[in-house]
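Reviewing the structure listed below.
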Amino acid sequence: MMNLYGAEHHLMVVSDSIDAEEHRHSFLQVTISLTGEFDIEVAGLSLRCPGIIINSNVVHRLKEAGHPLMLLLIDSTSDMAASFKRVLEGQQYHVFPHEVMRSIRALVQKEYAGVKDPDSYRSFLEQLMRLLGVEQVKPTIVDLRIRELIQLLKDCTDSEHSVSHYARQLGLSNSRLSHLFKENTGISLSGYMVLHKLQKATYLIFEGLSITDAAMAAGFDSPSHLAATSKQLLGMTAKDIRKDSVFLKVSSLH
């Protein structure tokens, strides 16, 4: 069983069957065991831990734990990611101590069953962030064109997500826009678009569209491309998610 929560700047997954192959992505990832420890490979190191933050673009593989895990995939340009990056202090990963994880499990036991709507989810997330010692900070994106690009992506209503599409709107070349985005955010523009497309496809699937229609509407090349992306990032294909999941949209896509 998987519980999936879709927010503007992140996806939260709670499942006992997450098993993702080795990969890297542009998102900041937080993984928490809800019962004990789990095995994960990060930057060539094999770790066993109760909870971890993994920075953007760090190679990792999350092995199926056999017990419930909480996974956060966070837009690296968001306030939320900026807060976690302060904990990372430029490192590839940060392992949470056991005493923090015990507090998290107590929170989950007390509050998680009551997360049934956007308001209760936001309350739960705020408590989770406090227990993790994460303070809210604002990301520092200086270039106004990159701020406009991020807003354009959040406001998009069509399936066009190519770099050239947005470069034309902003009066820049593809290479210049990609360079500015990387310079301002530390991540690739193409990688950033993947989370946006995955969020959009997930929302559309749970709104009743077929996987094929959702994949094409979100800008994926094919349903198999969506399936591969979902498997890589969430540890389950879109078909698996639809078959055995509860979805709560906790904010609009934009």
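The accessible area of residue 105, taken with all protein chains in place and a 1.4 Å probe, comes to roughly 40 Å².
Which value at 222 nm does the chain reach when only helices count, each DSSP H run of 4 or more adding -39,500 (n - 2.57), with the total divided by all residues and rounded to the nearest 500 deg cm²/dmol? Walk me through the numbers before you get to the answer.
Working: 10 runs with 113 residues, N = 254.
Mean residue ellipticity at 222 nm (helix-derived): -13500 deg cm²/dmol.
The C-alpha atoms of the chain define a longest principal axis, and helix 189-206 lies at about 70 degrees to it. Computed over protein heavy atoms with a 1.4 Å probe, the carbon and sulfur contribution to the accessible area of segment 1-44 reaches 37%.
What is the Rg over Rh value, at two decimals, for segment 66-173, using alpha-carbon atoms and the Kirkwood definition of Rh? Each step should come with its number before you reach the end.
Details: Rg = 18.0 Å, Rh = 16.9 Å.
Across segment 66-173, the Cα-based Rg/Rh ratio is 1.07.
For the chain, the solvent-accessible area works out to 45 Å² per residue, with a probe of 1.4 Å and every protein chain left in place. In this structure, the residue pairs whose Cα-Cα separation is over 32 Å, taken from 85/243; 110/197; 110/243, are 85/243; 110/197.
Phi angles across segment 87-94 convert, under the Karplus curve 6.51 cos²θ - 1.76 cosθ + 1.60 with θ = phi - 60°, into 3J(HN,Hα) values of 5, 5, 6, x, 7, 6, 7, 9 Hz, Gly and Pro given as x. Between 0 and 90 degrees, the angle of helix 144-155 with respect to the longest Cα principal axis of the chain falls at about 70 degrees. Net charge dipole, segment 20-92: roughly 120 debye, given to the nearest 20, about the Cα centre with Cβ charges of +1 for Lys and Arg and -1 for Asp and Glu. On segment 83-187, 48 percent of the accessible area sits on carbon and sulfur atoms, based on a 1.4 Å probe. Identify the residues of segment 205-220 with backbone N under 17 Å of a label point that sits 7 angstrom from the Cα of residue 174 along the Cα-to-Cβ direction, or state none. Those under the cut-off are 220. Taking a straight Cα-Cα cut-off under 16 Å and skipping sequence neighbours fewer than 8 places away in the same chain, the lysines within cross-link reach of residue 116 are 249.
Translational diffusion coefficient of segment 169-254 (Stokes-Einstein, Kirkwood radius from Cα pairs, 25 °C, 0.890 mPa s): 174 µm²/s.
Distances over 18 Å make up what percent of all Cα-Cα pairs in segment 1-140? Spell out each step's value before the answer.
Values: 5156 of 9730 pairs.
Percent of Cα pairs beyond 18 Å in segment 1-140: 53.
Of the residues 43, 232, 203, the one whose Cα sits farthest toward the positive end of the charge dipole of the chain, with +1 on the Cβ of Lys and Arg and -1 on the Cβ of Asp and Glu, is 43.
With N set to the number of residues, divide the alpha-carbon radius of gyration of the chain by 2.2 N^0.38 Å and report two decimals.
In units of the 2.2 N^0.38 Å rule of thumb, it is 0.97.
Once you order the gyration tensor axes a ≥ b ≥ c over the Cα atoms, which shape class does segment 116-157 get: rounded for a/c under 1.5, otherwise prolate or oblate by comparing a/b with b/c? Because a/c hits 1.5 or more and a/b fails to exceed b/c, segment 116-157 counts as oblate. For the chain, the dipole from Cβ point charges (+1 on Lys and Arg, -1 on Asp and Glu) about the Cα centre works out to 240 debye, to the nearest 20.
Against the chain, whose longest principal axis is taken from its Cα atoms, helix 118-131 shows a tilt of about 70°.
Computed over segment 49-111, the range of Cα coordinates on each principal axis works out to 31, 25, 19 Å, biggest value leading. Counting only Cβ charges, +1 for Lys and Arg and -1 for Asp and Glu, the dipole size of segment 155-254 around its Cα centre is about 180 debye.
Projecting the Cα atoms of 217, 123, 146 onto the dipole axis of the chain, where Lys and Arg carry +1 and Asp and Glu carry -1 at the beta carbon, places 146 farthest toward the positive end.
The values are calculated or read from the model by the stated rules, or taken from the named source; none is laboratory data. These numbers come from a predicted model, not from an experiment. All Cβ positions, glycine included, derive from the backbone under ideal geometry; neighbour counts span all protein chains shown. Side chains included, ligands, DNA and RNA excluded: accessible areas come from the protein's heavy atoms. Shrake-Rupley method; radii C 1.70, N 1.55, O 1.52, S 1.80 Å.
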